[in-house]
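Here's the structure, in structure tokens; my notes come after.
The values are calculated or read from the model by the stated rules, or taken from the named source; none is laboratory data. Computed from a predicted model, the values in this text were never measured in an experiment. Reconstructed Cβ throughout: ideal geometry from the backbone, glycine too, with neighbour counts over all protein chains shown.
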């Protein structure tokens, strides 16, 4: 097997979601050895989202093949504070890559 630095592909770069609904952000990672992936939100100083033990954010992953994994960030019951730019960042022993996704919607008044 050859060594591959992480390369990210986004099935969707932006998503329109109504407040109160759930959102699933996805990030496809091609890497070998497998990469570690983290999610961040721009208005939080690009700091990692707390996904462990958090009822609103849940991370899922699905193996596509030996080099590729699809990662998902499930956000429950969106509020206006959830709208904005999110980043998925992958890292393995060979390198890093990151990509951004935007969640937007109508904010009811």
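Numbers at a glance
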| quantity | calculated |
| --- | --- |
| Residue in the range 2-9 that is modelled with pLDDT under 90 and either touching a helix residue (DSSP H, G or I) at 6+ places or on another chain (Cβ under 9 Å) or not in a strand (DSSP E or B) (or both) present | yes |
| Residue under evaluation residue 78, criteria (1) surrounded by fewer than 18 Cβ atoms within 10 Å (Cβ to Cβ); (2) in contact (Cβ under 8 Å) with a residue 40 or more places away in the chain; (3) farther than 28 Å from residue 5 by Cβ, criterion not met | (1) |
| The range 14-37, subset within 15 Å of the chain's Cα centre (by Cα) and at pLDDT below 90, residue surrounded by the most Cβ atoms within 10 Å (Cβ to Cβ) | 15 |
